[in-house]
Amino acid sequence: MSDIPRLRVESGTVVLSGPWTLAEMLPMLDLLRSGLEAVPASVRHWDLSAVSRLDSAAAVLLWRSWQGAWPASLAIGPLHRQVIARVAELPQEMPPPPVAFVHLPEFLGRQVLKALANLRGLITLFGQLLLDCAYLARYPGQIPWREFSANVYKAGALALPVTALVGFLIGVTISYLSALQLKTFGADVFIVNILGISIIRELGPVLVAVLVAGRSGSAMTAQIGVMRVTEEIDALSTMGISRSIRVVLPKIFGLTVAMPLLVLWTSSVALLGGMLAALLQLDLSLVYFLENLPRAVPVANLLIGLGKGVVFGFVIAVVACHFGLHVRPNTESLSANTTSAVVTAITTVILVDAVFAIFTRHVGVPQL
Amino acid sequence: MNQVPVIELQGICTSFRGFAVHQDLSLQVHAGQIVGLLGGSGSGKTTLLREILGLHRPDAGLVRLFGVDLNDPDVELQRQLRRRLGMLFQHGALFSALSVFDNIAFPLRELHCLDEDWIRRLVHLKLAMVGLGNGHGKLMPAELSGGMVKRVALARALALEPELLLLDEPTAGLDPDRSQNFVELIGDLQRELGLTVVMVTHDLNTLAGLASHVAVLADHRILAFGTRDEIMTVDHPFVTGFFGADRRKLL
Ligand SMILES: Nc1ncnc2c1ncn2[C@@H]1O[C@H](COP(=O)(O)OP(=O)(O)O)[C@@H](O)[C@H]1O
Ligand SMILES: [Mg+2]
């Protein structure tokens, strides 16, 4: 360590000494570089015999300062000469790897193709699911009950606290804001209609879908993705175990079952929050609220909400599993696919919600 | 030898969930030695290498590299220390999102001192050293065979021109030809650069061709440490079992 790489020019000879290694050169790299550049081209004699260690980083540095040719005379130990000889064998020019320029039309085309490929993948997965269901109907002994219940527990039961918290706060907020408006019109009692319809029919399902897509959807993609990266999926197939029945199917049905339950739970808690806010803000008693709720909100709304829950859960799980199954075995692809899964799931959920809104526009609207 | 030992382990104790792996283990490796670390499967060889690297902290004991305590709080000192080490992990541990070329170039780029041309030359050099061609640089780690992963990982471990090289089962998964090349490569590097090498290996040929010293890890400690010939004479079930009929080959 006490020794450092040194460079001297004396009487027409460049004398190098000390350890010429990357670690030793780093602290004084600029000095050494400028020293090597300052060597006049007329000096063609190099003495490296006093160099204690010479690694390939230093050899590349020297070779470049010799402009890719051996100097006229070179005093160097045989081991060090070998190091430089290795560098000398490299091609003179090191062209940078070609940078791929992406043109806009090409980029757009790729995106469209990717979207189509994803759509195809989703349809394939759906078809596989139907085939699996048919298979399981014939061999009911193979239904993966344990995985199914584990998924209901993970995606449903464990999500109860967070969905309750968010639902409660949203309920309070909506109730509070609506109460401010309603008060100015003296239409206090309509808070029941506003809260009931908006939460049960619309907000509850969508809120839960967004939370679950972020919580369980991403987890599903990541889990299947890592299983692909570590070849666990391949190990399963070699044991003759269908990956779609054992891994994909329980996830999809688990979430499809858990979602409507979560929707029911979250909507109830959100209504509770709204009721409490109404009590404080408008002096509307809880009993009055509950008594009027069935009248203001026809039961069809509850069914629509639960139906949305089923469909949303199915969509989120299918999208998550699709992206998980298409993770390529590297970390970058894993993170990209997890992101895509969540974004696609939420977008699709909102799209489906719009479709629901169109087709159920005459259903469950209270006639006053 | 009055030099500071490159690796100094003193009184290392390690246990996982109450299950002891190392008990009062001590070892000194000096500059220029190529130490073959022998031990049964699950005897804690990988764990020992991880402790030398500072990736795992032993329950008790002292680890010094180049005379620097790994618990030294000086961050810059620790960083400089790490640059003097190269590690070949048992399963390669290549960055899966980077191509082979970028995997090897990564530690060099992280120095922020070298220009691209320099880095490209160094990467080509390392690739050539481990017997891979230019075309392999574009491949992704997932597209490599097990042996190629090993070789790329070695090239990456060598990228920073380390003074201390730790190899975890370097020749496992290589064909005999490749592992002979590997032995020659490490031998050459050792002579050129005065590398210190600690390698875990079960391959007698690698051991015979490369190791100047052998350390035997058994009964939770370094049972014996010495030159190859010295170790051959140790009378312990593991040692006699390991060399067994192959004793001749080593000599
Ligand atoms: N992270 C860990 N957690 C728990 N136990 C571990 C861990 N790493 C290693 N072990 C245990 O320590 C022992 C030694 O492991 P290892 O060092 O990998 O053995 P080997 O000598 O085969 O490389 C094994 O019994 C292993 O089960
Ligand atoms: Mg191991």
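The values are calculated or read from the model by the stated rules, or taken from the named source; none is laboratory data. The structure displayed is predicted, hence computed values, not measured ones. Here the Cβ is made from the backbone with ideal geometry for all residues, glycine too, and neighbour counts use every protein chain on show. Ligands, DNA and RNA are stripped out before the accessible areas are found, and what is left, the full protein with its side chains, is counted by its heavy atoms. Shrake-Rupley method; radii C 1.70, N 1.55, O 1.52, S 1.80 Å.
One table, with the values for the structure above:
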read-out	value
Scan of the stretch B:88-120 for residues that are of a type in the set (A, V, I, L, M, F, W, C) and touching a Phe, Trp or Tyr at 6+ places or on another chain (Cβ under 7 Å), ordered by number	B:Phe95, B:Leu98, B:Phe106
Strands (runs of 3 or more DSSP E) enclosed by the stretch B:134-251 - at least 1 residues per element that are over 28 Å from B:Gln80 (Cβ atoms)	B:213-218, B:221-227
Some residue of the stretch A:108-126 being open to solvent by less than 80 Å² (accessible area, probe 1.4 Å), part of a helix (DSSP H, G or I) and either assigned by TED's automatic domain parsing to the domain that holds A:Ala59 or of a type in the set (D, E, K, R) (or both)	no
Residue identified as modelled with pLDDT of 85 or more, assigned by TED's automatic domain parsing to the domain that holds B:Phe243 and open to solvent by less than 20 Å² (accessible area, probe 1.4 Å) among B:Leu195, B:Leu189	B:Leu195
Identity of the residue in the stretch B:208-218, more than 16 Å from ligand 2 (Cβ to nearest atom) and touching a residue at least 60 places away in the same chain (Cβ under 8 Å), that ends up nearest to B:Leu38 (Cα to Cα)	B:Val214
Elements of type helices (runs of 4 or more DSSP H) in the stretch A:260-368, at least 1 residues being within 14 Å of chain B (Cβ to nearest Cβ)	A:331-359
Residue satisfying condition, being over 18 Å from A:Leu255 (Cβ atoms) and in contact (Cβ under 8 Å) with a residue 12 or more places away in the chain, within set A:Val327, A:Val287	A:Val327
Matching residues in the stretch B:80-89 - criterion: being within 12 Å of chain A (Cβ to nearest Cβ) and open to solvent by 30 Å² or more (accessible area, probe 1.4 Å)	B:Gln80, B:Arg82, B:Arg83, B:Arg84
Only listed residue being away from chain A (no Cβ under 12 Å), within 16 Å of ligand 1 (Cβ to nearest atom) and over 28 Å from B:Pro5 (Cβ atoms), chosen from B:Gly61, B:Gly44, B:Gly131, B:Gly92	B:Gly92
All positions within the stretch B:6-28 that are of a type in the set (A, V, I, L, M), open to solvent by 10 Å² or more (accessible area, probe 1.4 Å) and within 13 Å of ligand 1 (Cβ to nearest atom)	B:Ala20, B:Val21
Complete set of residues in the stretch A:75-107 that are facing chain B (nearest Cβ under 7 Å) and exposed (fewer than 12 other Cβ atoms within 10 Å of the Cβ)	A:Pro96
Residue that is more than 21 Å from the chain's Cα centre (by Cα), modelled with pLDDT under 90 and not aliphatic (A, V, I, L, M), where the choices are A:Pro96, A:Pro105	A:Pro96
Flag for B:Ile104 being closer than 26 Å to A:Thr21 by Cβ and in contact with a helix residue (DSSP H, G or I) (Cβ under 6 Å, 6 or more places away or on another chain)	yes
Counted residues, the stretch A:46-71 - those being closer than 18 Å to A:Glu93 by Cβ, of a type in the set (Ser, Thr, Tyr) and at the interface with chain B (Cβ under 7 Å from one of its Cβ atoms)	0
Unique residue being open to solvent by less than 50 Å² (accessible area, probe 1.4 Å) and without any contact (Cβ under 8 Å) to a residue 24 or more places away in the chain when the list is B:Gly133, B:Gly92	B:Gly133
Residue in the stretch B:93-116 that is over 25 Å from A:Thr331 (Cα atoms) and under 17 Å from the mean Cα position of the chain (by Cα) present	no
Filter result (in contact with a Leu (Cβ under 9 Å, 6 or more places away or on another chain), open to solvent by less than 20 Å² (accessible area, probe 1.4 Å) and more than 20 Å from A:Phe126 (Cβ to Cβ)) within the stretch A:298-329	A:Gly305
Only one of B:Glu143, B:Glu161 that is closer than 28 Å to A:Pro27 by Cβ and acidic (Asp, Glu)	B:Glu161
All positions within the stretch B:205-251 that are away from ligand 1 (no atom under 16 Å from the Cβ), in contact with a Leu (Cβ under 6 Å, 6 or more places away or on another chain) and modelled with pLDDT of 80 or more	B:Ala208
Boolean, A:Thr256 is in the same structural domain as A:Tyr153 (by TED's automatic domain parsing), open to solvent by 10 Å² or more (accessible area, probe 1.4 Å) and modelled with pLDDT of 90 or more	yes
Only one of A:Ser34, A:Ser11, A:Ser49 that is of a type outside the set (Asp, Glu) and in contact (Cβ under 8 Å) with a residue 24 or more places away in the chain	A:Ser49
Flag if B:Val21 is within 16 Å of ligand 2 (Cβ to nearest atom), of a type in the set (A, V, I, L, M, F, W, C) and in contact (Cβ under 8 Å) with a residue 12 or more places away in the chain	yes
The stretch A:319-340, residues that are under 15 Å from A:Ser216 (Cα atoms) and in contact with a Lys or Arg (Cβ under 9 Å, 6 or more places away or on another chain)	A:Ala320, A:Cys321, A:Gly324, A:Asn337
Pick from the stretch B:29-79, criterion polar (S, T, N, Q), open to solvent by 40 Å² or more (accessible area, probe 1.4 Å) and without any contact (Cβ under 8 Å) to a residue 60 or more places away in the chain, ranking: farthest from ligand 2 (Cβ to nearest atom)	B:Asn71
